[in-house]
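**Student:** So that we are looking at the same thing, I have put the structure below in structure tokens.
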Amino acid sequence: MNSDRVLIFDTTLRDGEQCPGASMNLREKLEIARQLARLKVDIIEAGFPIISDGDFEAVQTIATEVQGPVIAGLARCVSKDIEAAGKALLPAGERGRIHVFLATSKIHREHKLRKASEEILRLTAEGVRHAKSFVSDVEFSPEDASRTEPEFLAEVVQAAIEAGATTVNIPDTVGYAMPGQYADLISYLRTHVRDIEKAVISVHCHDDLGLAVANSLAAVQSGARQVEGTFNGIGERAGNAALEEVVMAIKTRPDVFAGLSTGIETREILKTSRLISRLSGLHVARSKAIVGENAFAHGSGIHQDGILKMRETYEIMDPQDVGWGGTDLPLTKHSGRHAMVARLEQLGLTLSEAEIVPIFTRFKELGDKKKFVYDDDLVALAGDAVAGETGAYSLEYIHVASGSSTVPTATVRIRHGGESEQDSSPGNGAVDAAMKAIDRIVKRTGHLAVYLVEAVTEGQDALGEVTLKVDFGDGRLITGKGASTDVIEASARAYVNAINRALVMQPTASGIEMPKV
Ligand code: KIV
Ligand code: ZN
């Protein structure tokens, strides 16, 4: 059997759940299975019914409730396993598949099973026949196939097909295979197993050497038409082949996978990945292909510039195709002028050339100090620049005297328009005193509506970031942010930042309408 369709077999709920710490309850498994059905995977391996009542119930419930995909249950080549799987899969009717496995490699035969090759052949045929008495759709896996002698593997696969297996899976159980070698093994089976075309050839790769996806794709090029794996690549030890990568490689490289396709609704990929990560508790690395936070985030200025001119310069996939909102261009010290201006425009700030020059200089300075330059930082930079001749206010100095038996008093020095001014004020607490002293200099009165302190680094010298929202009496709430190892100083900086932003949030001399907060 060789068609143009590559079937996607998801084993998140079975092999994925074997990942230490990833076990899920019935409700969570059902939620994942429903999402896998929306994603249109072809087969969901819902569990291993004999291993626990929980697994039996999960397979039975998913077989009852989830429509669309084939539902598979795993079984060793042992009667009681096969019977449990058959029973759990009853509600799936024609969509039920029993997946029977038996180890075939020399090391497993001699040290784990202690069985001769002849016995393995006999058990294979018996197991498949027994499974066939429950369902017509039977998959057989010679466990550790990639380390099995190819001649013997061919005999086992042939025995399974003769007994009625409709899918023969060739697992790289310990992630030992190399792509070329694994592709050759699939070709070998295609030429040495009689009636191989009666079954779908499947592959199931583990990632111990980081090659699970590469091996799966090499096998597809050799004629495999079912790929097993999990979303986010979770699974036993280093995990299984990450299906999102397999699916997107086939879709993105039609030149390599000529005429082949999967039935996956790729726009559901990100949602699936996030759901599995949330319910399994296994985080997805930022740099993980397709679904990692950075998968479509371009940090370098040259790349950002290219992307803005033509997305395809640095993007081989459209992020929206896998469910992302769009390309993310986080601004960093590497970002170029073009990217900064584009982001300012997205924020509603169309600035003149004269205004952009100093903003870009300060943007680069800030980028040297911070990993990312956020939208708020940009608005503040723009605010400083647009304030023009008079310049923005900046905090030069702060001293606060407070204690259990003194009235808190703050003294601040603020620079503005090339001049420095100092004043003091008592207050109802240190932050209030600092704000009042600043008010006396800037001749405004701000009322604090929201005040938040967050540690942005760890340890005793943690940098605290204060975010506040201030009402200066015109009904708008203006956000200000400030960071320092001293929380009172961070608060004063945040307050000065809010004042500067309030200035530019009004129509300015340059006619620029700044965004409302
Ligand atoms: O890795 C493996 O060999 C398996 C089999 C049960 C298919 O998970
Ligand atoms: Zn496995």
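The values are calculated or read from the model by the stated rules, or taken from the named source; none is laboratory data. If you're wondering where the values come from, they're calculated on a predicted model, not measured in any experiment. Reconstructed Cβ throughout: ideal geometry from the backbone, glycine too, with neighbour counts over all protein chains shown. Please note that ligands, DNA and RNA were not included when accessible areas were found on the heavy atoms of the full protein model with its side chains. Shrake-Rupley method; radii C 1.70, N 1.55, O 1.52, S 1.80 Å.
**Student:** Taking only DSSP H segments of four or more residues, each worth -39500 (n - 2.57), what value at 222 nm results for the chain once the sum is divided by all its residues, to the nearest 500 deg cm²/dmol?
**Tutor:** Roughly -11500 deg cm²/dmol at 222 nm, from the helical runs in the chain.
**Student:** Please give the peptides 404-415, 129-140, 219-230 ranked by average Cβ packing (other Cβ atoms within 10 Å per residue), highest first, as a rough proxy for protection.
**Tutor:** Put in order of decreasing packing, that is 219-230, 129-140, 404-415.
**Student:** Report the relative contact order of the chain, percent, no decimals, based on alpha-carbon pairs under 8 angstrom and at least 6 residues apart.
**Tutor:** Across the chain, relative contact order equals 9 percent.
**Student:** Let me know the Kirkwood hydrodynamic radius for the chain, please, with Cα pairs as the basis and the value in Å to one decimal.
**Tutor:** 27.0 Å
**Student:** Viscosity 0.890 mPa s, temperature 25 °C: give me the Stokes-Einstein translational D for the stretch 287-326 in µm²/s, with Rh taken as the Kirkwood radius over C-alpha pairs.
**Tutor:** 235 µm²/s
**Student:** Inverting the mean 1/r over all pairs of different Cα atoms, compute the Kirkwood radius of the stretch 9-112 and quote it in Å.
**Tutor:** Taking the inverse mean of 1/r over all distinct Cα pairs, the stretch 9-112 comes out at 13.7 Å.
**Student:** In addition: Just the C-alpha atoms of the stretch 117-246: what Rg/Rh do they give, with Rh taken as the Kirkwood radius?
**Tutor:** Result for the stretch 117-246 is an Rg/Rh of 0.96.
**Student:** Could you give the distance between the Cα centres of the stretch 259-338 and the stretch 157-207, to the whole Å?
**Tutor:** 33 Å
**Student:** Next question. Sort all Cα-Cα distances of the stretch 203-335 into consecutive 5 angstrom bins from zero, then give the percent of pairs in each bin up to the one containing the longest distance.
**Tutor:** Per 5 Å bin, starting at zero, the Cα-Cα P(r) for the stretch 203-335 comes out as 2, 10, 18, 20, 19, 15, 10, 4, 1, 0 percent.
**Student:** Helix 487-504 versus the longest principal axis of the chain: what angle, 0 to 90°, nearest 10, using Cα atoms?
**Tutor:** Approximately 80 degrees, to the nearest ten.
**Student:** Right, next: At a 1.4 Å probe radius, carbon and sulfur cover how many percent of the accessible area of the chain?
**Tutor:** So the carbon and sulfur contribution to the accessible surface is 51 percent.
**Student:** Using the Kirkwood radius over C-alpha pairs as Rh, can you work out the diffusion coefficient of the stretch 394-504 via Stokes-Einstein at 37 °C, viscosity 0.692 mPa s, in µm² per second?
**Tutor:** Value of D from the Cα-based Kirkwood radius: 235 µm²/s.
**Student:** Here's another thing I want to ask about it. Along the charge dipole of the stretch 7-280, pointing to its positive end and built from +1/-1 on Cβ of Lys, Arg, Asp and Glu, which listed residue (209, 229, 168) has its Cα farthest out?
**Tutor:** Value computed over the given set: 229.
**Student:** To the nearest 10 degrees, how steeply does helix 375-386 sit against the main Cα axis of the chain, on a 0 to 90 scale?
**Tutor:** 30 degrees
**Student:** Express the C-alpha Rg of the stretch 7-280 as a ratio against the empirical globular expectation 2.2 N^0.38 Å, rounded to two decimals.
**Tutor:** Dividing the Cα Rg of the stretch 7-280 by 2.2 N^0.38 Å gives 0.92.
**Student:** On average, how much accessible surface per residue is there in the stretch 7-280, in Å², for a 1.4 Å probe, leaving out ligands, DNA and RNA?
**Tutor:** 37 Å²
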